Amino acid sequence: MDEPGYARPPGGHPGQSELLTGRAVFTDQYLVIPHDVMRDIVAGHLPHWEKSRHWTLARPMSGFFETFSHYVVETGPGGGSDNPEPDPEVESVLFLTHGKCVVELDGRPAKLTPGGYVYIAAGCRWTLRAFGQETSVFHWIRKRYEAVAGLAKPESFVSSEDEAKPEAMPDSDERWSTVRFVDPEDLRHDMHVNLVEFEPGAKIPFLETHVMEHGIYILQGRAAYRLNQDWVEVEAGDFIGLRAFCPQACCAAGPGKFRYLLYKDVNRHAGFGRTDVSG
């Protein structure tokens with residue numbers, strides 16, 4: 001792993017001597033995609049992206065996730081896209097874990113190194129190019145922006161893990177903290193993508209049960225995770241997806257810190273299906 005030690009998909013292909021048994025789980029409430037199944041055979045390609053491939057960890061689909069998609073993208077030196085996003089109503093977050101990239105937001109360039117974070121507002125014209133000698137790896141989380149009358153659309157911005165200060169969770173003895181890139185009280189934003197960190201042995205001490213969908217990519221460390229009625233073991237490079245209201249808790253296993261990238265939808269009314277009542 002490169003500094004600061006983030007996980008990445010291994011790629012490649014397992015040999016014929018490997019066991020069939022693994023840790024992948026897909027239920028009607030949660031899923032676990034272990035890092036060791038993120039191989040070449042399940043990587044894909046996207047229109048208008050050069051020298052790039054990606055793994056899809058989450059996508060909207062009937063009866064499970066509804067609000068977001070999550071890709072892990074590998075881009076070779078000089079690769080990237082001048083036309084990356086086909087939908088002008090979609091907002092994105094990029095989080096770089098390996099390599100170096102230049103992102104342009106409405107013509108304004110910014111260099112990203114590992115830990116770099118970009119919020120891209122819906123309708124923003126953006127490009128991305130990797131540079132240097134190594135492959136760049138980044139997370140690309142997409143959501144259709146839900147506009148609200150009387151609230152301005154948020155602006156695109158570039159930040160990094162180094163610029164954002166961790167905030168300790170209440171009554172955690174500073175052993176459970178969150179790095180927030182967006183003010184939770186800024187209601188213009190309808191999604192948060194945060195970094196969450198636990199010291200060894202620290203835990204979510206109750207079964208959280210809430211309306212937000214979660215996508216959790218584990219950047220570092222290990223933990224025992226409670227998902228609905230099950231306990232599962234997870235480690236760096238694994239992805240966990242939770243439907244709305246799926247109970248969750250965890251305990252960091254050590255020996256080092258347990259850290260993950262977290263998506264959740266926030267700050268909007270519950271939606272209702274539309275029906276045609278004009279007749």
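The values are calculated or read from the model by the stated rules, or taken from the named source; none is laboratory data. Keep in mind that this is a model prediction, so the values were computed, not measured. We place every Cβ from the backbone using ideal geometry, glycine too, and count neighbours over all the protein chains shown. SASA here: full protein model, heavy atoms, side chains in, ligands and nucleic acids out. Shrake-Rupley method; radii C 1.70, N 1.55, O 1.52, S 1.80 Å.
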Lys264 passes all but one of (1) closer than 21 Å to Ile141 by Cα; (2) without any contact (Cβ under 8 Å) to a residue 60 or more places away in the chain; (3) in a strand (DSSP E or B); (4) open to solvent by 10 Å² or more (accessible area, probe 1.4 Å); which number fails? (2)
Given the residues Trp231, Trp140, Trp176, which is the only one that is in contact with an Asp or Glu (Cβ under 8 Å, 6 or more places away or on another chain) and not small (Gly, Ala, Ser)? Trp176
Just to be sure I understand, how many residues within region 5-33 are out of contact with any strand residue (DSSP E or B) (no Cβ under 8 Å at 6 or more places or on another chain) and under 28 Å from Leu128 (Cβ atoms)? 3
Of the criteria (1) open to solvent by less than 80 Å² (accessible area, probe 1.4 Å); (2) not in a strand (DSSP E or B), which one Cys251 fails: (2)
Which numbered condition in (1) without any contact (Cβ under 8 Å) to a residue 40 or more places away in the chain; (2) β-branched (Val, Ile, Thr); (3) buried (at least 21 other Cβ atoms within 10 Å of the Cβ) is the only one that Val93 fails? (1)
Please go through region 114-128 and give me each residue that is part of a strand (DSSP E or B) and among the small types (Gly, Ala, Ser), ordered by number. Gly116
Which numbered condition Leu207 fails, given (1) over 29 Å from Ser62 (Cβ atoms); (2) open to solvent by 50 Å² or more (accessible area, probe 1.4 Å): (1)
Which ones in region 98-113 are more than 14 Å from Thr75 (Cα to Cα) and in a loop (DSSP other than H, G, I, E, B)? Asp106, Gly107
Cβ-Cβ under 6 Å, sequence separation 6+ or interchain: first residue in region 43-66 and closer than 12 Å to Leu242 by Cα, partner among the hydrophobic types (A, V, I, L, M, F, W, C) and outside any strand (DSSP E or B). Which pairs? Ala58/Phe65
Picking from Ala7, Ala24, Ala43, which residue would you name as being open to solvent by less than 60 Å² (accessible area, probe 1.4 Å), of a type outside the set (S, T, N, Q) and under 30 Å from Gln229 (Cβ atoms)? Ala7
Please find, within region 136-186, the residue that is nearest to Asp106 (Cα to Cα) out of those that are touching a residue at least 40 places away in the same chain (Cβ under 8 Å) and open to solvent by 90 Å² or more (accessible area, probe 1.4 Å). Arg144
State which residue is farthest from Glu185 (Cα to Cα) when the search covers only region 129-174 and only residues that are of a type in the set (S, T, N, Q) and not in a strand (DSSP E or B). Gln133
Does region 218-248 hold any residues that are among the small types (Gly, Ala, Ser), assigned to a strand (DSSP E or B) and under 15 Å from the mean Cα position of the chain (by Cα), and which are they? Gly241
Hey, can you tell me all the residues within region 46-65 that are open to solvent by 60 Å² or more (accessible area, probe 1.4 Å) and out of contact with any strand residue (DSSP E or B) (no Cβ under 8 Å at 6 or more places or on another chain)? Pro47, Met61, Ser62
